[in-house]
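Colleague: Before I ask anything, here is the structure I am working with.
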Amino acid sequence: MLRRAGYSLVELLVAFALAAIVLGAATSSLLRQQRTHARILSVTDGDAQTRAAMLVLSSQLELLDPAIGDLAAGQADDSAMQFRAVVATSLACRTEAGAATLLPDTRDTVPVSGVISDPRPGDTLWWLADTTWRPMPIASVSAVSVACALPANATGSTHRLATSSPDTVPGAAPLRVTRQARFGIYRASDGTFQLGYREWNEPAHRFAAPQPVVGPLLPRNARRPSGFRYFDGAGAELLPSAGPIDVARIARIRLTANTLIAVRSASQDSVRADSVDVALRRAAPP
């Protein structure tokens with residue numbers, strides 16, 4: 001009679017134990033790889049977002065000219081700065097007294113206008129007279145449809161800016177619209193520190209609530225000083241500790257951000273540092 005071969009209970013238990021060890025090791029390795037991959041993605045995405053935000057900030061700051069008051073006196077320190085933000089640029093559609101109509105953009109011409117934010121009362125209109133920018137406070141803004149002959153044939157919808165100044169703006173004069181704004185470090189409602197952007201609200205006569213741009217930032221300390229540093233034309237640093245910074249002397253601004261990038265495991269959180277130096281434009285003073 002043939003006897004059938006089989007496995008003993010002990011052999012089966014040993015086989016199951018070995019299989020569990022192998023599967024456990026494989027699962028642990030897979031989980032470690034997943035955590036590493038997630039951390040790399042978090043750090044890479046965080047770095048990319050911070051770098052993009054820093055480039056946007058630098059592109060806005062490099063338009064500033066301290067010689068004509070683009071930086072607010074007494075409002076530049078290591079945690080905040082107030083400045084004139086350019087929200088629109090264009091050419092005057094026609095000659096007008098006490099007002100200016102922006103040249104409309106059409107598909108048939110090379111664009112000469114750019115509007116980041118619609119002009120509003122309380123903003124300032126500037127028009128270029130020879131080499132001097134002349135300010136005109138904006139009293140009201142209306143949407144109009146116009147046909148312009150100078151400096152180019154253009155028909156379409158645009159903005160007409162009525163001002164509280166009697167100055168006559170000649171047709172084809174370069175225009176820019178500015179608004180008081182602030183970059184500053186603040187503590188958000190969730191307890192994190194952020195670098196935010198605030199615009200002046202004329203009806204409320206105060207700055208609007210900050211909008212986060214870069215963050216979360218590490219709490220500021222001497223070892224990780226997120227914020228602003230200022231340098232004159234010779235490269236010497238202008239220190240807030242010595243008194244209010246003379247903003248007319250600022251030739252370069254350095255913005256530093258020490259960010260905390262959180263991942264699933266608290267022990268894997270990453271501290272990242274980035275900075276950008278912005279050389280300011282120096283134009284002829286008005």
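Colleague: Identify, please: which residue in the stretch 139-167 is of a type in the set (Val, Ile, Thr) and within 12 Å of Asp118 (Cα to Cα) and is, among those, modelled with the lowest pLDDT?
Modeller: My answer is Thr158.
Colleague: Looking at (1) at positive phi; (2) modelled with pLDDT of 85 or more; (3) touching a strand residue (DSSP E or B) at 6+ places or on another chain (Cβ under 7 Å), which is the one condition that is false for Gly215?
Modeller: (2)
Colleague: Then there's this: Looking at the stretch 214-230, which of its residues are surrounded by 18 or more Cβ atoms within 10 Å (Cβ to Cβ) and either among the aromatic types (Phe, Trp, Tyr) or assigned to a loop (DSSP other than H, G, I, E, B) (or both)?
Modeller: Of everything in the stretch 214-230, those that are surrounded by 18 or more Cβ atoms within 10 Å (Cβ to Cβ) and either among the aromatic types (Phe, Trp, Tyr) or assigned to a loop (DSSP other than H, G, I, E, B) (or both) turn out to be Leu218, Ser226, Phe228, Tyr230.
Colleague: Does any residue of the stretch 198-213 turn out to be over 18 Å from Ser117 (Cα atoms), surrounded by 15 or more Cβ atoms within 10 Å (Cβ to Cβ) and touching a residue at least 12 places away in the same chain (Cβ under 8 Å)?
Modeller: For the stretch 198-213, residues over 18 Å from Ser117 (Cα atoms), surrounded by 15 or more Cβ atoms within 10 Å (Cβ to Cβ) and touching a residue at least 12 places away in the same chain (Cβ under 8 Å): absent.
The values are calculated or read from the model by the stated rules, or taken from the named source; none is laboratory data. In this text the structure is predicted, and so the values were computed from the model without any measurement. Cβ: placed from backbone, ideal geometry, glycine included. Neighbour counts: every protein chain shown.
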